[in-house]
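These notes are about the structure you will find just below.
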Amino acid sequence: MWWAVLALGLGLIAAPAVFQMFDRAPKGADMIDGFAPYMTTAQIEKFQAHLAEIDAAMAELDPLAVDTTTAPGEPATEFASVEALQDQWPGIDADMSDMLATMAEDIDNYEAVAALPPFDLFPWFFVVPGVLVVGIAATVLIRDRRGRRTPVARWLVGAVGIGLVLAPVAFQMFERAPKGGVMIDDFRPLMTRPRVQDIQGYFVTMGAGEGQLRNGLVPLALEQGVGEDELTAVTRFSDDWQMIVTDFAPMIGTMSDNVTNFEAVDALPDFPLFPWFFVIPGVLLVGLALVAGTGLTPDEDDDRPSSTRSST
């Protein structure tokens, strides 16, 4: 029975190594910390407002009639970047709106994961009790070979087992861990290198288009008699562009920096399973402690002085 306890303890110690937790869990902690400023309703609504502002500018620009040709025989004025932005905007808007909608839907899930103990501590939640159990079991086995009993050992093993069973309850893992699983599933299409590079490319397209709008097309439109009231949304877009870039850039940078971290977290066992990684070995340890108790009870006389046993 004590060999089974020893095996369980070794299993607890080995689990973080098997699942590469010492490498992956700290990366998960970095990812959770990195996304903290952006996983709020206020911040996501701010991003969505920026997209709505650009969308209004594109809608205003579509029917605008501007003659971009010069005098006969001279080359036409080129606004290729504006045209590229107009052509690509529906896809850009749809993709980024989908990303922000996913983030908004996962705010509660993110908060549940962030409320768990720090990820970089998770490996030690297995190693520490595993070391305790191995130490207790090894002590019992050594003393048993010498003909000595250790009745208190079963109580210690039972206490470690109860601690493992109670840990998921104390940290609300049965509620929070499944929410973490949902968030990981939702973020999987977002947190890939190609997807992040696409989003970075969107800002190159938008930036080039905005530059041509501000420096070329809008002045030309005004020269040709287009009223300023017809360019309200376009002008607002140009006026706010630097603020829009300043708001979005850190988040896009965070996504890029955390692609590898997300892959590490995604490679861990499914989040809903984590509570059971504590409960199952905990229940087994408590059960073995009870078995040890029934086995030790008849031998407790052995711990009394010989004179007492003989008088009995």
Verdict on residue 129 being assigned to a loop (DSSP other than H, G, I, E, B) and within 30 Å of residue 154 (Cα to Cα): no
With (1) under 25 Å from the mean Cα position of the chain (by Cα); (2) at pLDDT 95 or above as the list, and residue 168 as the residue in question, which single condition is left unmet? (2)
Run residue 3 past the list (1) in a helix (DSSP H, G or I); (2) within 17 Å of the chain's Cα centre (by Cα); (3) hydrophobic (A, V, I, L, M, F, W, C) and report the number of the one that doesn't hold. (2)
Only listed residue being under 25 Å from residue 257 (Cβ atoms) and not acidic (Asp, Glu), chosen from 123, 151, 178, 129: 123
Residues of the stretch 135-155 being closer than 17 Å to residue 286 by Cβ and buried (at least 18 other Cβ atoms within 10 Å of the Cβ), which ones? 136, 137, 140, 153, 154
Among the residues of the stretch 30-50 satisfying the criterion of being of a type in the set (A, V, I, L, M, F, W, C) and surrounded by fewer than 17 Cβ atoms within 10 Å (Cβ to Cβ), which is nearest to the chain's Cα centre (by Cα)? 36
Taking the stretch 44-79 and keeping only residues that are at pLDDT below 90, more than 16 Å from residue 218 (Cβ to Cβ) and not charged (D, E, K, R), one is left with 69, 70, 71, 72, 73, 75, 76
List the pairs whose first member sits in the stretch 96-124 and is touching a residue at least 40 places away in the same chain (Cβ under 8 Å) and crowded, with 20+ Cβ neighbours inside 10 Å, whose second member is of a type in the set (Gly, Ala, Ser) and not in a helix (DSSP H, G or I), and whose Cβ atoms are under 9 Å apart, counting only residues at least 6 apart or on separate chains? 110/36
Lone unmet requirement of (1) in contact with a Leu (Cβ under 9 Å, 6 or more places away or on another chain); (2) farther than 25 Å from residue 109 by Cα for residue 172: (2)
Lone unmet requirement of (1) modelled with pLDDT under 95; (2) in contact with a Gly (Cβ under 9 Å, 6 or more places away or on another chain) for residue 230: (2)
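The values are calculated or read from the model by the stated rules, or taken from the named source; none is laboratory data. Just so it is clear, the model here is predicted, and its values are computed rather than measured. Virtual Cβ from ideal backbone geometry, glycine too; neighbours counted across all protein chains shown.
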